[in-house]
Amino acid sequence: METIALVGNPNSGKTTLFNALTGANQKVGNYPGVTVSRVSGTLRTPHGHKYELLDLPGCYSLSPKAPDEKITRDVLLGDQQGNDLPAAVLCVVDASNLERHLYLVTQVMDLGLPVVVALNKIDIAQKQGIRINVELLAEELALPVVPCQANKSIGVVDIKHAIRRPLPRPSARRWQADKHTESAIAELVNRLKAEHLDNAEPHAIHLLADTDYRTSKQSGLSEAAQQAGVECAASCEQAEVSPEDAISKARTKWVQSVCLLTARRKDPEHGMSGLTFSDKVDQFVLHPFMGWVFFAGLMLGIFWTIFSLAEYPMGWVDAGIGLITQGVSGMLPEGDLKDLIVDGVIAGVGSVVIFLPQILLLLFFIGLIETSGYMARAALLMDRLMSKVGLSGRAFLPLLSSYACAIPGIMATRSMDSAKQRLLTILIAPWMSCTARLPVYSLLIGMLLAGYGSFVQALVLAFIYFLGTASALFAAWLLAPRVKGNEEASHFLMELPEYSMPDMSYTGRHLAERAWSFLRKAGTVILGLCILLWALETYPKPKEGTPAADDPALALEQSYMGRMGHAIEPLVKPLGYDWRTGTALVAAFAAREVFNANLAISYSVEESDDEDRFLEQLRTKLAQATWPDGRKVYTPLTTMSLLVFFVYALQCLPTTVVVRRETGSWKWAIAQLVGMTAVAWLAAFAVYQIGSLLV
């Protein structure tokens with residue numbers, strides 16, 4: 001099956017168009033040899049042809065710096081391992097930013113591949129008073145140009161009709177550089193042909209237009225081809241001509257002439273105020289003071305909703321778990337098998353699944369922020385703060401993604417062009433409280449603030465998120481001078497898209513994927529851990545006639561889990577934790593969600609026939625727990641100490657594996673794991689010990 005590559009600038013609506021063209025026929029993997037995700041889907045045209053549509057990472061230019069943008073260049077040049085040269089390219093262009101987006105189209109046209117241009121967001125251009133002569137634009141580009149509105153699937157059928165055989169190829173290169181650069185291109189083309197390199201002219205142009213391409217060891221070219229590029233570029237420089245600048249200026253000049261001929265904007269005196277709706281909103285949300293007020297209010301509102309609105313679906317989930325428990329209990333005879341299934345599997349996995357509504361609510365709001373256009377504004381707002389700690393606004397999206405899960409957040413750093421800032425972002429990303437911490441936060445905040453309303457609990461949750469975020473930025477400030485890397489300033493460039501109604505189909509699909517991923521994890525990793533924990537806390541069984549045979553607490557203490565807990569208790573006791581809490585913390589290093597399940601098993605929390613939720617039962621058990629001398633284990637200080645520990649500890653071994661893969665070094669992965677655990681222990685120690693002195 002032939003491949004069609006989908007390319008476009010960030011925020012051009014490329015992903016929305018990809019979803020509209022492929023529907024549910026999508027698959028995700030990795031490119032061979034790299035960790036950048038490869039997203040593709042099946043595109044069927046009305047002519048009966050079937051193609052693989054490859055959604056390439058968004059980029060502003062084919063002379064990129066970020067790892068994911070290099071994939072786009074390499075795929076289009078045929079240099080990417082495991083990918084054949086695409087049969088055609090579908091270029092997505094934002095009609096409201098025609099000049100800026102056509103620059104990438106000219107670079108794609110220079111490749112000599114068949115090209116179809118999707119003129120997206122045509123409705124936004126019309127609202128701004130921009131009128132584009134589509135027929136004339138197609139004539140100037142000598143390519144099919146299809147106006148569309150991807151978020152409403154308008155023009156999608158026309159795009160499929162435009163992809164017909166024989167696929168349209170662009171005519172000869174339209175722009176012309178100065179004579180020295182043109183001479184260097186011609187000479188380089190001849191030398192590359194002598195090297196038997198396919199697509200000699202596209203490679204020649206890129207070798208002259210991109211310094212990195214002619215010097216990088218990962219360009220996919222032979223040393224002879226790269227050396228030829230270096231020598232031809234040097235011949236231009238001897239004539240005091242920069243081939244990079246010359247080619248860029250020639251392309252820009254041609255794009256400007258095309259836009260001047262094909263696009264017109266209404267005069268402000270005849271119906272246009274000069275400011276679009278987005279411009280007017282930005283005057284508020286990007287204001288130096290009010291912008292921060294709006295951002296803080298938005299975050300607080302999200303946290304309040306997570307606590308208040310999620311109560312209803314959590315109750316439904318809890319009721320369903322209760323029905324399952326009753327049904328299974330009535331079907332099985334007394335014995336180890338019943339205890340394993342009811343107390344180990346259903347109670348353990350159920351204690352995690354009950355928090356799925358809270359997790360999905362957080363992901364839902366992140367999806368709304370992203371698809372409405374506010375995400376880019378928040379990144380611009382945060383750039384002012386992040387620049388003071390050695391980062392840029394580019395780090396905002398990876399860090400915000402880490403609120404959902406640190407793993408996709410770390411993988412999102414591939415879009416960052418500074419290797420040093422990318423490493424800093426990877427190191428601090430796990431301090432952004434992920435959704436896996438929400439079950440623990442809900443349990444502990446409910447204990448700490450029993451009797452207070454959801455608004456007060458939301459304030460505390462917001463403070464916890466603020467604490468993790470502030471600590472992450474402080475850590476970046478401390479590490480920035482100590483992390484080696486390219487000291488060249490990384491310029492923050494992000495296009496601000498027009499505000500639009502959130503893409504509910506994209507958000508819904510994303511939520512479904514994350515819900516299935518969570519449930520799959522609950523049914524595999526967490527299920528396995530719950531069974532293991534149950535076994536450790538059940539065996540060895542006390543002998544008949546011994547005190548432990550009639551005392552469940554004593555039997556638990558003599559089990560393998562009890563022995564392990566007592567072994568590590570000296571390490572966690574200074575933090576205010578007993579051996580049960582200590583073993584739960586150790587188990588949580590595999591997956592944070594297991595913490596609640598471990599406590600439930602350790603404290604023998606069973607499902608009852610009434611409608612009381614599992615969470616309240618567990619809080620009651622914890623509140624009743626005592627030390628051997630009768631003192632309460634879970635005092636307010638202990639609860640605060642645990643909250644602080646979970647804010648700072650990297651209790652996620654899969655994250656450590658991903659950090660190793662993204663950095664290419666176990667040194668950074670292990671240092672992050674050990675360092676964050678040490679910080680968590682010290683912070684929890686300070687909270688408990690200093691608090692004990694003051695109270």
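The values are calculated or read from the model by the stated rules, or taken from the named source; none is laboratory data. Since we're looking at a predicted model, the values are computed, not measured. When we count neighbours, we look across all protein chains shown, and the Cβ atoms used for this are built from the backbone with ideal geometry, even at glycine.
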(message) Can you tell me which residue is nearest to residue 534 (Cα to Cα) among those in segment 335-362 that are in contact with a Lys or Arg (Cβ under 8 Å, 6 or more places away or on another chain) and modelled with pLDDT under 75?
(response) 354
(request) For segment 230-268, enumerate the residues that are free of Cβ contacts under 8 Å to residues at least 12 places away in the same chain and more than 40 Å from the chain's Cα centre (by Cα). (result) 231, 234, 237, 238, 240, 267, 268
(request) State the number of residues belonging to segment 565-583 that are modelled with pLDDT of 90 or more, within 22 Å of residue 636 (Cβ to Cβ) and more than 36 Å from the chain's Cα centre (by Cα). (result) 2
(request) Considering each of 380, 391, 298 in turn, give the residue that is at pLDDT 80 or above, surrounded by 14 or more Cβ atoms within 10 Å (Cβ to Cβ) and outside any helix (DSSP H, G or I). (result) 391
(message) Testing residue 228 on (1) farther than 30 Å from residue 12 by Cα; (2) at pLDDT 90 or above; (3) not basic (Lys, Arg), one condition comes back false. Which one is that?
(response) (2)
(message) Take the residues in segment 479-508 that are under 25 Å from residue 430 (Cα atoms) and surrounded by 13 or more Cβ atoms within 10 Å (Cβ to Cβ); name whichever of them is modelled with the lowest pLDDT.
(response) 490
(request) Scan segment 636-695 for residues that are surrounded by fewer than 19 Cβ atoms within 10 Å (Cβ to Cβ) and not in a helix (DSSP H, G or I) and jot them down. (result) 664, 665, 695
(request) Return the only residue of 187, 195 being in contact with a Cys (Cβ under 7 Å, 6 or more places away or on another chain), more than 19 Å from residue 104 (Cβ to Cβ) and surrounded by fewer than 22 Cβ atoms within 10 Å (Cβ to Cβ). (result) 187
(message) For segment 402-447, give me each residue that is over 18 Å from residue 642 (Cβ atoms), assigned to a helix (DSSP H, G or I), out of contact with any Cys (no Cβ under 9 Å at 6 or more places or on another chain) and aliphatic (A, V, I, L, M).
(response) 410, 411, 412, 419, 423, 424, 426, 427, 428, 429
(request) Answer with yes or no whether residue 34 is of a type outside the set (D, E, K, R), assigned to a strand (DSSP E or B), at pLDDT below 80 and closer than 20 Å to residue 410 by Cα. (result) no
(message) Kindly evaluate residue 626 against the criterion of being surrounded by fewer than 17 Cβ atoms within 10 Å (Cβ to Cβ), within 22 Å of residue 557 (Cβ to Cβ) and modelled with pLDDT of 70 or more.
(response) yes
(request) Exactly one condition in (1) aliphatic (A, V, I, L, M); (2) assigned to a loop (DSSP other than H, G, I, E, B); (3) at pLDDT 85 or above is not met by residue 450; state its number. (result) (3)
(request) Kindly indicate which of 680, 590 is modelled with pLDDT under 80 and under 28 Å from residue 424 (Cα atoms). (result) 590
(message) Against the conditions (1) modelled with pLDDT of 85 or more; (2) within 18 Å of residue 78 (Cα to Cα); (3) not in a helix (DSSP H, G or I), where does residue 175 fall short? Just the number, please.
(response) (2)
